[in-house]
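Colleague: Dumping the structure here so I can ask a few things about it.
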Amino acid sequence: MPTQVRDLVPAFLDFWAQAADAPPDRRLTLWRAYVARHPEVVADVIRGGGEPDPGPALARYPELIDRITANAPLAPGWIEEAARLVAPVLQAEDLTVPCVSMVGLTRSNGWVSEVDGRPTLFLAVEQVPHATAARILAAHEMAHAIQLPMPATPWPEEGPLGHGIFAEGFATLLTTELLPEYGPAEHLWFGPGHEDWLAECEQVLPAARAEVLACLDATDRDVQRRYLNLHAGHHLPDRIGYLVGVRALEQLRQAYTWPQLARWDTDRAMAELRRVLAC
């Protein structure tokens, strides 16, 4: 499967070479010029309805510059490896996925957003701490980038909670099958150290399934953050919706192949998700 990788990390390094030792006002001016040339830099903030504030990122770039420099030549290869891994399983070898390797605002590590009407994979190298994270994350986001446009009626970029639960369960379970050398918690968090979180989620999973089922059609961003984001302030563990999605897709995988699941439109996916969550 061909990929089209735009590598914006060199543009960041050019910016940082001028900004690293600049006074704050000058650094901010340079940042604004850099973003004006490459608006993808703030895509992860804008897609969530936020306003880009460069302050936290500018404060963190000095501690992350060694990681950024080390990851810069590796990121396109991570993306290409993910395409070789994921596309054959989904019978999507003829699909071309546009991809962007970049330095973001030290928030999201990877995501898929529409650019010129096409689902585009973004990988933020400053948020990739090690090779394990890179392999899992790139494959996870490639699964999203392939699955979203596959149905005859492609999935919209924005949708109700159920869309996110299905899509995250799809991508996470797929990487779990494709990269079995990593454990379930690693696939859910793109790296080690989260076994306690997984155990806590398993204890409250029936309640989480019931809550998610009741909110499947919710489009309110706060409801979606409650189950799919960090620091949600909810009584259930952060990001428990990922595990709800994985368990639902495990049930669906007993009857359907990956290519079939990838081609479901949103109506079919929501109906099947509702059915298995109600069991």
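Colleague: In terms of modelled amide H atoms, which long-range or inter-chain residues lie less than 5 Å from the amide H of GLU114?
Modeller: Under 5 Å from the amide H of GLU114: THR120.
Colleague: Compute the label zone of ASP116 within segment 135-150: residues whose backbone N is under 12 Å from the point 7 Å along Cα-to-Cβ.
Modeller: Residues passing the 12 Å test: none.
Colleague: So for the chain: antiparallel DSSP bridges make up what percent, rounded to the nearest 5?
Modeller: Here the share of antiparallel DSSP bridges comes out near 40 percent.
Colleague: For the chain, take the longest principal axis of its alpha carbons; what is the angle in degrees between that and the long axis of helix 161-178, to the nearest 10 within 0 to 90?
Modeller: 80 degrees
Colleague: Tell me, in nm to one decimal, what length is gained between ASP25 and ARG6 on full extension, where the rule is 0.36 nm per residue of separation less the Cα-Cα distance?
Modeller: 3.9 nm
Colleague: How much solvent-accessible surface does ARG247 expose, in Å² to the nearest 10, with a 1.4 Å probe and all protein chains in place?
Modeller: Estimated to the nearest 10 Å², ARG247 gives 60 Å².
Colleague: Specify the inter-centroid distance of segment 27-101 and segment 116-176, based on alpha-carbon positions, in whole Å.
Modeller: Each part reduced to its Cα centre gives a spacing of 14 Å.
Colleague: Would you kindly state how much longer the chain becomes between CYS279 and ARG67 on full extension, computed as 0.36 nm times their sequence separation minus their alpha carbon distance, in nm to one decimal?
Modeller: Here the answer is 71.8 nm.
Colleague: Which whole-number percent gives the relative contact order of segment 1-130, counting Cα pairs below 8 Å spaced six or more residues apart?
Modeller: Reported relative contact order: 36 percent.
Colleague: Just checking my list (i) 17.1; (ii) 14.2; (iii) 21.5 against mean projected area of the Cα convex hull in nm² computed from this structure; which label fits?
Modeller: Correct label is (ii).
Colleague: Who wins for biggest fluctuation among GLU93, GLU177, GLU141 in a Gaussian network model of the chain, springs between alpha carbons below 10 Å?
Modeller: For the chain, modelled as a Gaussian network with Cα springs under 10 Å, the answer is GLU177.
Colleague: Keeping all protein chains in place, calculate the accessible area per residue for the chain (probe 1.4 angstrom), answer in Å².
Modeller: 44 Å²
Colleague: Right, next: What does the charge count around VAL112 come to, taking other residues whose C-beta lies under 9 Å from its C-beta (Lys +1, Arg +1, Asp -1, Glu -1)?
Modeller: It works out to a net charge of -3.
Colleague: Along the Cα→Cβ direction, 7 angstrom out, place labels at ASP53 and VAL204. What is the inter-label distance in nm?
Modeller: 2.7 nm
Colleague: Quick check on the chain: helices-only [θ] at 222 nm, where DSSP H runs of length 4 and up contribute -39,500 (n - 2.57) each and the sum goes over total residues. Nearest 500, please.
Modeller: Mean residue ellipticity, 222 nm, calculated: -17000 deg cm²/dmol.
Colleague: Relative to the present Cα-Cα distance, how much length would full extension add between GLU195 and ARG32 at 0.36 nm per residue of separation?
Modeller: Contour length minus the Cα-Cα distance gives 54.6 nm.
Colleague: Still on this structure, I have one more. Treating the angle as unsigned and between 0 and 90°, give the value, to the nearest 10°, between the Cα long axis of helix 131-147 and the longest Cα principal axis of the chain.
Modeller: Tilt relative to the chain: about 60 degrees.
Colleague: Among HIS194, HIS130, HIS235, what's the order by accessible area (1.4 angstrom probe), most exposed first?
Modeller: HIS235, HIS130, HIS194
Colleague: Okay, moving on. Of the accessible area of the chain, with the probe set at 1.4 angstrom, what percent is carbon plus sulfur?
Modeller: Answer for the chain: carbon and sulfur cover 51 percent of the accessible area.
The values are calculated or read from the model by the stated rules, or taken from the named source; none is laboratory data. All figures in this text were calculated on a predicted structure; none of them were measured in a lab. Positions of Cβ are backbone-derived with ideal geometry, glycine not excepted, and every protein chain shown enters the neighbour counts. Accessible surface is based on the protein model in full, side chains and every heavy atom, while ligands, DNA and RNA are left aside. Shrake-Rupley method; radii C 1.70, N 1.55, O 1.52, S 1.80 Å.
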